[in-house]
1. I'd like the full set of residues that are surrounded by fewer than 20 Cβ atoms within 10 Å (Cβ to Cβ) and either part of a helix (DSSP H, G or I) or charged (D, E, K, R) (or both), limited to segment A:239-262.
2. Do you know which residues across segment A:261-273 are out of contact with any Lys or Arg (no Cβ under 6 Å at 6 or more places or on another chain) and in contact (Cβ under 8 Å) with a residue 60 or more places away in the chain?
3. Counting just the residues of segment A:449-501 that are in a helix (DSSP H, G or I) and of a type in the set (Ser, Thr, Tyr), which one comes out farthest from residue A:394 (Cα to Cα)?
4. Using beta carbons and a limit of 8 Å, which pairs, at least six apart or on different chains, have the first residue in segment A:95-108 and surrounded by fewer than 17 Cβ atoms within 10 Å (Cβ to Cβ) and the second one among the acidic types (Asp, Glu)?
5. Taking the criterion of being hydroxyl-bearing (Ser, Thr, Tyr), farther than 24 Å from residue A:38 by Cα and not assigned by the TED database to the domain that holds residue A:140, would at least one residue in segment A:249-265 satisfy it?
6. Of the conditions (1) of a type in the set (Ser, Thr, Tyr); (2) more than 25 Å from the chain's Cα centre (by Cα); (3) under 28 Å from residue A:593 (Cα atoms), residue A:275 clears all except one; give me its number.
7. Quick check: is even one residue across segment A:416-428 of a type in the set (D, E, K, R), in the same structural domain as residue A:394 (by the TED database) and either touching an Asp or Glu at 6+ places or on another chain (Cβ under 8 Å) or more than 24 Å from residue A:184 (Cα to Cα) (or both)?
8. Let me spell it out: the conditions are (1) closer than 19 Å to residue A:586 by Cα; (2) at pLDDT 95 or above, and residue A:278 meets all of them except one. Which number is the exception?
Amino acid sequence: MIDFKSELNDQQYTVVTEGEGPCLVLAGAGSGKTRTITYRVAYLLEQGAPENMILLLTFTNKASREMLGRVEKLMGRTLKGLNGGTFHKFALGILKKYARTIGFAPNFTILDSEDSKDLMKLAMEEVGLTGTSKKIPSAKTVHAIASFAVNADRGIADVIEERFSSWEHLADDITAAAERYHDRKRMAQSMDFDDLLKHLRNLLQSDEELCKTISGQFKYILVDEYQDTNKIQSEIVKLLSHVWGNILVVGDDAQSIYSFRAADINNILDFKREYPGAKIFKLEYNYRSTQSILALANSIIEQNKKQFKKTLKTTGIEGARAELLPAPTPEDEGSILAERIVQALHEGVPGREIAVLFRAAHHSQQLEMELAKRGIRYDYRGGMRFFERAHVKDALAFLRAVYNPMDEIAWRRMLTLYPGIGPATADAIYQLTRTGAAHKAKDMLSKRSHEGYAIFERDWREFEKKEKHPAVLLNHLVEGPYRRMLEEKYDEPNARIKDLEQMRLFAERQGKNLGRFLAEASLQESYAADAQKDKSEDERVVLSTIHQAKGLEWERVFVINLVDGEFPNERASKEIGGMEEERRLFYVASTRAKRQLVLSYSIMGGFYVNQRSPFLDEVAKHIVNAHMGRRTNDGGEVEYVSEDEPFVSTPRNASKPRSGFLSSVEDL
DNA sequence: AGGTCGTGGCAAGGG
DNA sequence: GCCACGACCT
Ligand SMILES: Nc1ncnc2c1ncn2[C@@H]1O[C@H](COP(=O)(O)OP(=O)(O)OP(=O)(O)O)[C@@H](O)[C@H]1O
C-alpha cells in the first residue's frame, strides 16, 4: 500500500483522491504537477481501475516512459497494459487499426519534417510556386503554414494573414500547393505528423458509434503539460472523454512555449466552459528550488502582462543568488563554463545533476568543443534527432519502400543514392513501379542512368527476397549495398556504419514487425545513437535546448548565451506575443534549477559587441555579478579571474515598471 | 535535360 | 556544420 498522505501535500492529495470528472490542475513550476498525476495513476490502480483503461498523454515519449516507470515502482509490479505516450503515438496506434475507415492502407508510412518539406517542394513545383530569390516562400515555410492551419484548426488564408502576413499576396498559390501536398500524401499512402492528429480527430468526429467504442476504452484520461496542447489536441481529448468524462489535465500557463506549433493557452482558460462542472485545483508550494531561485523566477514572470498571477510559495532554503557570468568572447564563455563544470564534478556533484540550457541548438558549439578537450562526456538534447540523420534515413528509405511501395519520398531518396539517378529519373522510376510497369524502365530511361539503375535493380531484387524483419533487412543493408555506398562516399565511414549498427540493435529489440519498427523509428525523439540505454548516460552532464528541458530538474543549471537577439531570439520576439513567450522560456529555464543557477553571456560577438539579454536587466536585483576578467599568466596560459561586484542594471536596458496582471487564477 | 559538385549564405523551437 | 542554388559537364 502506498502512503499517499505522507508522499503528498494536502492540495496534491485532494487531486489524487478526488480527481474524477473533468479536472484542471493549474499550478506553477516545481509544484508537483507531474508528481501528482503520477500518484493519481497509482491511486486509480490501487482502487482497482483496470490498467488498460487508463490513458496518460505526455509531451514526449521519454516523459511517458519515466512516469510509467515511476508508477511501476510505486506499485511494485510491471504495467504492460497502461496506455501512455504522446498524442502522436497514441493517434498512430488507433489509425493503424482503423486505416481502412479513413481511406488508407494499413501499411501507410510517416513523413518526418524533412520528408514533408521535400514533398511540399514537389507540390509547389506542381502549382508553379517556384523561382529563386526571396520572392517565394521556402518549402519549409509553406509547410509551416499548412501545419499551423491543421494544428490550430483554421484555414490557410487565415493563418497567412495572421502569422505570415509577408506572403499574403501569394495566399492563393500557397493554398493550392497545400492542396497538392495533401493529395500527394494520400497518393503515397503516407501521413505527416499533423495528419496523425487530424485523422484521429476526424475519425472520432465522423462516426458516433466508433467514437463510443474507442472512448469507452479509456475510463481515465490524464494529460500532462496541457498548456502546450493545441486546438486539435483539445478536440481529441474532448472526444476521447466522451463516454466516461474522467479527464484530468495539468499545466502552467507560465510555461507555454510551443506557440509555433499552435499551442493554445485557451485550452486552459476555457476549460471550465468546455467542461461544465469542471473542478479547478491549485498547487501552491514549490518543492524544487531554493528561495533565491524562486524569487528570481517569480520576478521574471511578473514582467509578463498576459499571464495569470499564481501563488508559489517556497519550501526550500534561501540558497545563493543566481550568478551572472559575463565572458569576454564566445570562446571564453565556452571555456569558463567548461571549467565551472569540471569544478562542480570535482566537488562531487554527479554529472546527471548538472545541465547546460540554451535557446537554440547551435548555441552549444563552443562549449561542446571545450568539453571535448577536457574529455567530459555529455548527453545532448536538441537539434537533429538520431532518426533524422542522413545515413539513418537513407537506410530507412529502403525499409519504407519495401513496406509501402507507394511511399514516393522513400523511393526518391533510395533511388537518388545511385549514380546517374537524380530527381527526374527517380520520379520516372517511381511512376513506373507504382503502376506495375517497372519492367519497362530499362528501355525508357536515359543512357546515363543505365549503370546506376542496373545496380539498383540487382540490390532491390535481393533486398525484396529477404524476410520482412527489420533487423534482417537492416543487417543486409549494413553488410551489403548501403555499406558499399558509404565507403565510396566517405573517407571515414565508420561513425556512420556504427550508427546503422545501433539502429539494427534497436530494431532487434522492437521485434519482427516491420510496420511497428518504422512507426517507432519515426516517432522516436531520442538524440543519442545508443538508443540502447548506456549505463554511463545516466551519469552524464546534460546539454539541452530549453524546450527539451521542460519538466526536468537539476541541482545546477547553467543558462547560456543570454545575448539580446539570441535569447530572446530576434525572430521569435517579433511574432505576436513573441517577447512574452521568450520570457516564459527564461522562466522555464530558470525554474529547472534546484540549488544553483548560473547565467552566462559573452560581451563580444563575431563582428559586433553583444548586448546582454534584456531579461537580465529585468531581474537585476536577483543576480550577483561574477565578472570574469581574462588575463594571461606568466606561463602564457589564459586565466579567468573572478572580480565579484554587484550587478546593476544600466539605464539603457532598464525595464519600465509594468502595470498589474490581467487577472488571477481565482477568476477561472 | 538532367546529374554532380562546389560554395555562399545561413542557423528557433519539436512530434 | 547544412542546404539551396547555380555553374558546369555529359
Ligand atoms: N509533496 C511533495 N513532497 C516532496 N517532494 C515533492 C512534493 N511534491 C513535489 N515534490 C518534488 O518537487 C519536484 C518538482 O515536482 P514536479 O516535477 O512534479 O513539478 P511540476 O509542477 O511538474 O514542475 P514543472 O511544471 O516545473 O515541470 C520533484 O522533485 C518532486 O519530486
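1. A:239, A:260, A:261
2. Listed by number, the residues that qualify are A:261, A:262, A:268, A:269, A:271, A:272.
3. Of all residues in segment A:449-501, those in a helix (DSSP H, G or I) come to A:449-465, A:470-479, A:481-489, A:494-501.
Now narrow it down to the ones that are of a type in the set (Ser, Thr, Tyr): A:449, A:453, A:482.
Values: A:449: 19, A:453: 17, A:482: 8 Å.
Residue satisfying both the conditions and the ranking: A:449.
4. From segment A:95-108, the pairs are A:101/A:207.
5. Yes, because at least one residue in segment A:249-265 is hydroxyl-bearing (Ser, Thr, Tyr), farther than 24 Å from residue A:38 by Cα and not assigned by the TED database to the domain that holds residue A:140.
6. (3)
7. no
8. Failed condition: (1).
The values are calculated or read from the model by the stated rules, or taken from the named source; none is laboratory data. Note that the coordinates shown come from a computational prediction; the quantities given were computed from them, not determined experimentally. Positions of Cβ are generated from backbone atoms using ideal geometry, with glycine treated the same way; all protein chains shown enter the neighbour counts.
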